[in-house]
Each structure stands twice: as structure tokens, then as C-alpha cells.
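Below: the structure, in C-alpha cells.
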Amino acid sequence: MTLSISLSVNGESLSVPLEDPRTTLLDLLREHIGLTGTKKGCDRGQCGACTVLLDGKRINACLTLAASVDGTDVTTIEGLATGDTLHPVQAAFIEHDGFQCGYCTPGQIMSAVGLLSEGDAGADPERIREGMSGNICRCAAYPGITAAVLDAQRRQSENEGTSA
Amino acid sequence: MNRFDYIRPGSVAEAVAAASEAGAAYLAGGTNLLDLMKIGVVAPGKVIDITRLPGLDRIDWLEDGSVRIGAMVRNADLARNPAFSAAFPAVSEALLSGASPQLRNAATVGGNLMQETRCAYFQDPLSHCNRRAPGAGCDALEGHNRSHAVLGWTPSCIATHPSDFCVPLAALGAVVEIEGPDGSREVDLASLHELPGTDSAGGIALKHGEMITALRLPAEASAFAGHSRYLKLRERTSFAFALVSAAAMLRMEQETIAEARIALGAVAARPWRAAEAETFLKGKKAEPDAFAEAAQIALKEASPSGDNAFKITLATRVLTRALTLAAKGTPDRVPALPASVFTSSEGATAHA
Ligand SMILES: Cc1cc2nc3c(=O)[nH]c(=O)nc-3n(C[C@H](O)[C@H](O)[C@H](O)COP(=O)(O)OP(=O)(O)OC[C@H]3O[C@@H](n4cnc5c(N)ncnc54)[C@H](O)[C@@H]3O)c2cc1C
Ligand code: SF4
Ligand code: FES
Ligand code: FES
């Protein structure tokens with residue numbers, strides 16, 4: 001029996017047949033929908049390369065069954081920028097050299113976006129490092145990553161300050 | 001991964017009926033089940049997705065002051081619930097010290113209780129493992145076993161239960177609500193996981209088809225809120241399972257301990273409640289010697305199951321320290337590094 005699921009990916013409504021129920025959300029995005037920005041590192045929840053937002057919350061797409069995300073709203077790295085304008089977290093990663101090879105970067109950025117919306121870390125670098133601990137960087141770009149997230153956090157709170 | 005039928009039932013009754021069939025397994029957050037399916041340790045023919053079942057994602061405060069947490073509440077949502085973390089701060093700290101933020105957003109209360117051991121031989125389908133295949137033998141006995149059990153083990157199985165969440169829950173007398181093919185029942189969380197016997201490997205004590213629907217904490221469990229800590233020793237600063245951990249909770253009357261609640265994690269096949277040590281502390285002054293002695297009592301029956309005698313010393317020290325920190329009072333906010341042995345105060349850094 002072929003399952004069929006409907007979901008929104010980066011704001012676009014899609015209906016996808018699922019020939020194989022074993023398909024994970026990660027494989028659905030990469031192999032079926034053609035969004036290869038989300039990366040596969042370990043495929044077992046240990047590295048964070050596959051981080052996406054599911055209904056606004058960061059999760060590991062590799063440990064999520066595609067069939068179970070029917071009706072949800074998924075945001076991937078491809079959905080962050082507005083046209084040519086980068087998302088503030090993307091811009092901050094470039095500004096602070098938050099990567100070297102770049103393989104972990106989509107996951108790092110999606111995780112940082114999730115962290116900022118959770119709002120627990122504030123401007124405390126230790127809380128940011130702990131909040132980013134689900135994302136491993138093989139190149140050890142950690143100092144740049146922390147600086148980028150701190151900066152993005154600062155800009156976000158300034159914006160909230162001006163809009164309020 | 002094996003092929004399977006994906007089933008999404010509309011009610012608990014439908015879920016239990018579907019899961020009672022041979023080869024069926026419940027799917028909650030999937031963070032343990034899918035992992036085990038990928039490495040070929042489990043191969044369910046039917047996967048029953050219970051994440052959408054109505055009413056299981058709620059936290060309800062009951063009239064008698066107890067709290068009932070639906071089995072589908074996500075670990076992160078429970079840890080961050082303000083009323084819950086105020087009443088049970090060590091439970092929140094334990095949750096926040098487990099896995100990663102992404103995994104905690106997916107992992108459910110029921111799934112966390114039901115997660116399997118991280119024993120490397122259990123996870124390798126080519127190894128002998130009594131827990132996977134009763135009677136097959138136990139390759140951990142003569143293998144890499146430095147992280148294995150020091151309490152409650154037998155040569156049938158020396159695995160530990162890896163959950164952080166379960167440790168303070170066991171100490172606080174949590175009760176698990178279960179729905180199954182033969183109706184409903186309740187079990188104390190402290191005995192949800194069976195210890196190994198002479199011929200049995202122990203493990204999760206649910207019958208096939210049974211489903212956890214909720215977890216309850218009794219009203220008196222919140223009396224420890226002012227002096228509650230969870231401390232977790234791991235082999236890297238964060239995002240690692242416990243080597244040993246301890247939940248320590250005190251109800252203080254001035255300088256005197258009116259009541260203590262203690263459990264150890266990663267030392268046995270179940271979260272290990274230390275009732276004798278709790279009794280010992282009752283009526284004592286909150287002083288270092290009393291805490292050190294209580295920790296000795298908690299570990300007095302411990303014995304190495306392999307290259308892990310060091311875990312007994314570590315557990316004694318971690319518990320002593322957890323009790324000492326609990327006596328100082330619950331921090332206003334969960335520390336930047338939850339449950340870490342490196343930081344016990346705000347401001348200090350542990351990550352390089
Ligand atoms: C990389 C990694 C690191 C981790 N680190 C930690 C850590 O440091 N500390 C820690 O405590 N945990 C850790 N975990 C484990 C994690 O907490 C569990 O995987 C998670 O809690 C399982 O919950 P789930 O909802 O995803 O369960 P699932 O994977 O959906 O299910 C797990 C098992 O429980 C059964 N099940 C699920 N719900 C029910 C129910 N309601 N009734 C009956 N059976 C049910 C399933 O059939 C399955 O057998 C880690 C996991 C990973 C992958
Ligand atoms: S310790 Fe237990 S889980 Fe590990 S191999 Fe032995 S029987 Fe299996
Ligand atoms: S690929 Fe998902 S966590 Fe590594
Ligand atoms: S930049 Fe290379 S893995 Fe992180």
C-alpha cells in the first residue's frame with residue numbers, strides 16, 4: 001500500500017506519495033523533494049547535520065519517519081533567506097566565520113534559529129554552547145559558531161527592542 | 001531497516017488493539033525505535049504511530065495536588081513547563097541534561113521511560129545478548145563493560161538503564177499508568193524495569209501491546225522543591241549518556257533533614273532508589289559526614305560486573321556531591337550546564 005502525505009515545506013504545500021514507509025524526513029527532503037541543503041552525517045541522531053524545524057521546533061530529520069510528519073510545517077535551510085536577503089543567523093555565520101568545510105553548517109544554522117526562538121540562552125555564551133551541543137562540527141569551528149549565534153541573538157533582541 | 005506497515009490509530013483502544021498483534025511496536029518520538037531499527041536490533045512488522053492520539057499531550061494538575069503528565073508530552077516541553085519545573089526542579093534538570101535539544105524536542109515521556117539500554121552488545125545483532133535473544137549468553141561479561149552495572153546485576157545481564165529523566169522520578173515515587181489488552185493498570189516507576197534474574201535478562205516489564213498513557217507524581221513530591229539536584233557524570237561535557245548520576249532531594253526543617261529522596265542512574269537495569277540511605281538521613285543535620293555516610297550506604301551492596309569497580313567510587317562521590325548541592329538549595333534557574341559536575345554556579349565556564 002502506498003501512503004501519501006501532505007505537508008508544507010518552506011511555505012509550499014506539497015503532496016508526496018510514500019512508496020516506502022521506511023523513508024525518513026531527511027530522505028524525503030533530499031531524495032524525493034530535491035532539497036539537499038539538509039545534510040546526512042550520522043543518520044542516527046548523534047551529529048545534528050540533519051536539523052530542520054518541524055512546526056517551528058528543531059528536530060533531527062534522520063530519526064523522524066516521513067509518514068509521521070503528515071500535516072506538519074517543515075522549514076529547511078533553503079527556506080530561511082528572503083530572496084537574496086540572508087536570514088540574520090545566516091549572515092552572522094558568514095560574518096563570524098562560523099564554518100570551515102560547511103558540511104555541518106545548515107544543521108548548525110537551523111539549530112541556532114531553533115535556539116533563538118526557544119529564548120532560553122540569552123546572551124550567555126555558556127548557555128549558547130550548551131544549546132548548540134546537539135550539533136557536532138568535524139572542523140571544530142565552534143568559536144566562530146558561538147560568536148555568530150551570540151551576534152544573531154544580540155541583533156534579534158535589538159530588533160525586538162526597536163519594534164516594541 | 002526492515003519493511004513494515006505504518007499504522008496511525010485514532011484512539012488508545014485502537015492503538016492497543018493494533019499493537020497487540022504479533023510483531024507490532026509503538027512509535028512515539030522515534031528517537032530510540034528508529035535508531036534500533038536502522039541497526040537491525042528490532043524489526044517490527046507493524047509500526048503504530050501514537051503521537052497524534054488525542055489527550056496524551058497534556059500536563060494536568062489534579063485536585064489532590066498531584067500532577068498527571070500525558071505519555072506524548074515532549075521531553076523539552078515538560079522540562080520548560082514553568083509550574084512543573086518549579087515543583088520538580090531536579091526532574092527538569094535531569095531532562096535538560098539528557099540527549100540534545102533536537103532530540104528532547106522529539107522524545108516523549110513514554111518513550112524516555114521505555115528506551116533500551118545502550119549496551120554495545122545489545123546494539124550489535126551479531127553479538128550474543130540474553131536481552132535480545134533469551135538464552136543466547138552475554139558478550140558484555142567478557143567484553144567492554146566499563147560502563148555497565150554495579151548494582152542489581154546477575155551474569156544473565158549487566159546492562160544499565162540509560163535514562164536521566166527516570167532517576168529523580170524513581171526517587172519521587174512516580175507512578176506509570178498503563179493501558180493494555182487486559183485493561184488498565186498502574187506500576188511504580190521504580191519497578192517498571194525488571195532486574196535480571198538467574199535465567200532472565202530483565203528489562204522493560206510491559207507486556208506485549210501494553211502502552212504507557214501517563215505518568216503521575218504524587219502531591220508530596222513537590223515538598224522537596226527547595227532542595228533538589230540532579231548530578232550527571234559523563235565522558236564529555238555535554239550530549240553524552242551518564243557514566244553515573246544521582247538525584248538528591250531534601251525536605252529541610254531548619255538545619256535538619258526532615259525527609260530525603262535519593263536515586264542513582266546508570267548503575268543498574270533500573271533507576272536505583274536508595275531507600276536505606278534516605279532513612280539514614282532522616283532527622284540528621286545537613287552536614288558533609290552525613291552525606292558521605294548516606295552515599296556509602298547507597299552503594300554498600302555494589303559490586304563490579306567487569307572493568308567497572310571505579311564506578312562504585314564515582315557513584316559514591318557523585319551522590320555525596322549531589323546531596324551537598326541539594327542542601328545548599330535549588331538554584332533559581334537550571335544551570336547553564338544542567339546537572340554538570342563542572343559548574344555548580346552561574347558564571348563559571350566548563351566548555352573550553
Ligand atoms: C544520540 C542520542 C543521545 C541520547 N542521550 C540521552 C541522554 O543523555 N540521556 C537520556 O536519558 N536519553 C538519551 N537519549 C535517549 C532518548 O532520551 C530516547 O531516545 C527518547 O527518550 C525516546 O523517546 P521517543 O519518544 O523518541 O521514543 P521512541 O523511539 O518512539 O520509542 C522508544 C521505545 O519505547 C516504546 N514506546 C514509546 N512510547 C511508548 C508508550 N507510550 N507506551 C509503550 N511503549 C512506548 C517504543 O515502541 C520503543 O520501543 C539519547 C538518544 C540519542 C539518539
Ligand atoms: S549486558 Fe545485557 S544487554 Fe548487554 S550483552 Fe549482556 S545480556 Fe545483552
Ligand atoms: S544525520 Fe541526523 S543527527 Fe546526524
Ligand atoms: S564546518 Fe566542517 S564540519 Fe563543521
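Annotations
- Search result, residues across region B:104-123 that are more than 18 Å from B:Leu53 (Cα to Cα) and touching a Gly at 6+ places or on another chain (Cβ under 9 Å): B:Arg104, B:Glu116, B:Thr117, B:Ala120, B:Tyr121
- In region A:132-160, residue farthest from B:Ser238 (Cα to Cα) [restricted to those that are near ligand 4 (Cβ under 8 Å from one of its atoms) and surrounded by fewer than 18 Cβ atoms within 10 Å (Cβ to Cβ)]: A:Cys139
- Condition met for A:Gly98 (over 17 Å from B:Ala99 (Cβ atoms) and at pLDDT below 95): no
- Taking (1) without any contact (Cβ under 8 Å) to a residue 24 or more places away in the chain; (2) not in a helix (DSSP H, G or I) in turn, B:Met249 satisfies each apart from (1).
- Every residue from region B:224-244 that is touching a residue at least 24 places away in the same chain (Cβ under 8 Å), surrounded by fewer than 17 Cβ atoms within 10 Å (Cβ to Cβ) and more than 17 Å from B:Arg321 (Cα to Cα): B:Ala225
- Positions within region A:107-154 being among the polar types (S, T, N, Q) and more than 19 Å from A:Ala91 (Cβ to Cβ), in sequence order: A:Ser133
- B:Arg52 being modelled with pLDDT of 95 or more and either crowded, with 21+ Cβ neighbours inside 10 Å or within 11 Å of chain A (Cβ to nearest Cβ) (or both): yes
- Criterion: surrounded by fewer than 23 Cβ atoms within 10 Å (Cβ to Cβ), more than 13 Å from chain A (Cβ to nearest Cβ) and touching a residue at least 60 places away in the same chain (Cβ under 8 Å) - qualifying residue of B:Arg68, B:Arg58: B:Arg68
- The set of residues in region B:21-35 that are within 16 Å of B:Thr51 (Cα to Cα), without any contact (Cβ under 8 Å) to a residue 40 or more places away in the chain and at the interface with chain A (Cβ under 9 Å from one of its Cβ atoms) comprises B:Leu27, B:Leu34.
- Only listed residue being in contact with a helix residue (DSSP H, G or I) (Cβ under 6 Å, 6 or more places away or on another chain) and within 14 Å of ligand 3 (Cβ to nearest atom), chosen from A:Leu26, A:Leu3, A:Leu35: A:Leu26
- Some residue of region A:4-13 being within 12 Å of chain B (Cβ to nearest Cβ), within 15 Å of ligand 1 (Cβ to nearest atom) and out of contact with any His (no Cβ under 7 Å at 6 or more places or on another chain): no
- Of all residues in region A:96-104, one or more are within 14 Å of another protein chain (Cβ to nearest Cβ) and either touching a helix residue (DSSP H, G or I) at 6+ places or on another chain (Cβ under 9 Å) or within 16 Å of ligand 3 (Cβ to nearest atom) (or both).
- Single condition B:Gly10 does not satisfy, out of (1) loosely packed, with under 14 Cβ neighbours inside 10 Å; (2) closer than 18 Å to A:Leu25 by Cβ: (2)
- Unique match (being without any contact (Cβ under 8 Å) to a residue 60 or more places away in the chain, more than 13 Å from every other protein chain (Cβ to nearest Cβ) and over 19 Å from B:Ile212 (Cα atoms)) among B:Glu14, B:Glu63: B:Glu63
- Only listed residue being of a type in the set (A, V, I, L, M) and farther than 17 Å from A:Cys62 by Cβ, chosen from B:Ile7, B:Ile39: B:Ile7
- Pair list, Cβ < 7 Å and 6+ apart or interchain, from region A:60-83 residues that are not assigned by TED's automatic domain parsing to the domain that holds A:Met132 to residues that are within 16 Å of ligand 2 (Cβ to nearest atom): A:Leu63/B:Asp35
- Restricting attention to region B:267-300, the residues being surrounded by fewer than 13 Cβ atoms within 10 Å (Cβ to Cβ) and assigned to a strand (DSSP E or B) number 1.
The values are calculated or read from the model by the stated rules, or taken from the named source; none is laboratory data. Because the structure is a prediction, the values reported are computed rather than measured. A quick note on method: Cβ atoms are made from the backbone with ideal geometry, for glycine too, and the neighbour counts reach across all protein chains shown.
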